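First the structure, in the form of structure tokens, and then the observations on it.
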Amino acid sequence: MKTKWILSIFIGMLIFSMANLATAADDSLELQDESIYDVLVDRFFNKQIQNDYEVNGADPAAFSGGDFDGLTGEINHVKEMGFTVLSIGAVFSSATYDGKQVLDYNKLERHFGTEEELKALIDKTHELDMKLMVDIPTQQVSAKHVWATENPEWFTENEDGTLALDLENPEAQAALTEFAAGFISNYEVDGLRLQQTNSISPAFIEQFSKEIKDVRDVYLLSDQAMDPLPGLDAVVLPGVEETLREAYKNFDQNSAPLTDIMEKSEGSLIQVDSLADSRFTADVVEEKGFPPTRWNLLFTQLLTMPGIPVVQYGSEIAMNGKSVPESHQILDLGVQQELVDHIANLNSLRNSSEALRTGELEILKEEDGWIVYKRSNDEETWIMAINNTSATQSISLPADVVGVDKELRGLFANDIVRQGSNGDYLITLDREVAETFHVIEERGFNKAYIAALIALYVVFLLFLRIVWKKGKQRKADEAAKVSQ
């Protein structure tokens, strides 16, 4: 506990000292500066019992009762972890708890709450200097969608009986665009994420983006791993989930693909867990590993590499599940804090450092789970070292990489690495440990500070001696009075 307290103070002091370089999580942030927390309204927190229509917590495929008020009341959980965007999934009238099988775009899902409650959630998010984003499903909506009755030609049927909105159809395009424009006019959301984007006409996406951004400048994201498209502000980087999961599900893994992913990830959405399929924890359990350790290393990678991190709810408690709905458990907010604190510390550094968000990347070492890389700009430099191996690892970094007369301040193990007599900087990490080093000017011994401490100590000793002597004299005087 004492170590965590000291670490939190140290990181807080570091962030304060970097205030002139910091960029707060507010409207001035660009998408590349954001970090996204992805949640399902139904699985976060149930506050209002009035909207618990036929809720069945024992059935993992049924509505569980989570609502807008629950998110509003517990949003500090997200804020304290340092995320800048809250993504709440689809919020429209739906046949399913995840909001994907939309029944009517023009109505909010009654289990989630009212228009006033959604606006209160948006307001609360903005009060905390965060942004809010919602999903728009189009390719797997309910067969009972209100548009399907009057305009069946707007849809095609999927194998599972759901419907896909034909966004090659001009009338369907106009209807969806009109709905989205009205939605962002009525609700001050900051972003929309199109679902199953790789199945939607690229020409429509570009036109849709233009028309909604004419109403208000909001983010438009893809939920799919795909090549960038005009109109989309960001897509999921192809291969990022598979690469990160393979590299960190166990130790001594082939980490060579990580370097390729890291060199391509700038400006892309990067994620490892998934709300569409299995959880990373399931991979770890299958390998008979210890999920908190695996997640600790992976979060260090995810939150310090180039790209826009997207973290799915429950990742902070190593939520398990091989498939939906098992992977959509109700979030347990009474959790152990180790991973939550680790995410908060990493996000605090990322939010305060432009170099960690958008700085240049240089891979310094990669070998079977031992990876070291540098993030830097003209103002600051960071060295990340991740030892995902079964043995202690070391690396000697030359001065032309770090600089002359520098000091590497480790933020999690409190290591300090100074330049050796040969001019190099030697970093050594135990197995399955990650460290983030801030490169600063070498401080050496602060003589004035040490002198002040010595003076304070001497004064304190003198004070104790005076108190002792006075006490002794008082006892002698009292003894003398008694003898008289």
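In segment 102-233, what percent of the accessible surface is made up of carbon and sulfur (1.4 Å probe, ligands and nucleic acids excluded)?
45
In sequence order, what are the phi-derived ³J(HN,Hα) couplings for segment 194-204 according to the Karplus relation 6.51 cos²θ - 1.76 cosθ + 1.60 with θ = phi - 60°, rounded to whole Hz, with x for glycine and proline?
Couplings: 6, 8, 6, 4, 6, 9, 9, 4, x, 5, 5 Hz.
Give me the net charge of residue 406's neighbourhood, meaning all other residues with Cβ under 11 Å from the Cβ of residue 406; Lys, Arg count +1, Asp, Glu -1.
Value of the local net charge: -1.
Pick out, in residue order, every one of the GluC sites (Glu not before Pro) in segment 53-115 that is DSSP loop and has at most 16 other C-beta atoms within 10 Å; say none if there are none.
Loop-located and lightly packed - 54.
When only C-alpha pairs under 8 Å and at least 6 residues apart count, what is the relative contact order of segment 354-445, in percent?
28
When the scattering of the chain is computed by the Debye formula from its Cα atoms alone, each counted once and equally, what is log10 I(q)/I(0) at q = 0.08 Å⁻¹?
-0.55
With +1 assigned to the C-beta of every Lys and Arg and -1 to the C-beta of every Asp and Glu, and no other charges, what is the dipole magnitude of segment 147-188 about the Cα centre in debye, to the nearest 20?
180
In whole angstrom, how far apart do the alpha carbon centroids of segment 277-345 and segment 46-98 sit?
Segment 277-345 and segment 46-98 have Cα centres spaced 19 Å from each other.
If contacts are Cα pairs under 8 angstrom and at least 6 residues apart, what is the relative contact order of segment 102-177 in percent?
26
May I ask which residue of 387, 248, 145 lies farthest towards the positive end of the charge dipole of the chain, with charges of +1 (Lys, Arg) and -1 (Asp, Glu) on Cβ and the Cα centre as origin?
387
Under a point-charge model restricted to the Cβ atoms of Lys and Arg (+1) and Asp and Glu (-1), what is the dipole moment magnitude of segment 33-84 relative to its Cα centre, in debye to the nearest 20?
Computed charge dipole of segment 33-84: roughly 120 debye.
Filter 144/210; 365/406; 144/213; 264/406; 249/365 down to the pairs with a C-alpha to C-alpha distance above 27 Å, please.
144/210; 144/213; 264/406
State whether segment 353-435 is rounded, prolate or oblate according to the following rule on the C-alpha gyration tensor (a ≥ b ≥ c being the square roots of its eigenvalues): a/c under 1.5 gives rounded; otherwise a/b larger than b/c gives prolate, and the remaining case gives oblate.
Note, shape of segment 353-435 comes out oblate.
Over the chain, what relative contact order in percent results from Cα pairs under 8 Å that are six or more residues apart?
13
State in Å² the accessible area per residue of segment 272-328; use a 1.4 Å probe, count heavy atoms of protein chains only, and round to the nearest integer.
28
Would you work out the charge dipole size for segment 205-285 about its Cα centre, treating the Cβ of every Lys and Arg as +1 and the Cβ of every Asp and Glu as -1, and quote it to the nearest 20 debye?
160
How large is ³J(HN,Hα), in whole Hz, for each residue of segment 429-439 in order, when computed from phi with the Karplus curve 6.51 cos²θ - 1.76 cosθ + 1.60 and θ = phi - 60°, using x for Gly and Pro?
Those phi angles translate into 10, 5, 4, 6, 10, 10, 9, 10, 9, 9, 8 Hz.
Kindly report the accessible area of segment 134-218 per residue (heavy atoms of protein chains, probe 1.4 Å, no ligands, DNA or RNA), in Å².
Dividing the accessible area of segment 134-218 by its residue count gives 46 Å².
The values are calculated or read from the model by the stated rules, or taken from the named source; none is laboratory data. Remember, predicted model here, so these are calculated numbers, not experimental data. Heads up, the Cβs are rebuilt from the backbone with ideal geometry, glycines too, and the neighbour counts pull from every protein chain shown. Accessible surface areas use protein heavy atoms only, side chains included; no ligands, DNA or RNA. Shrake-Rupley method; radii C 1.70, N 1.55, O 1.52, S 1.80 Å.
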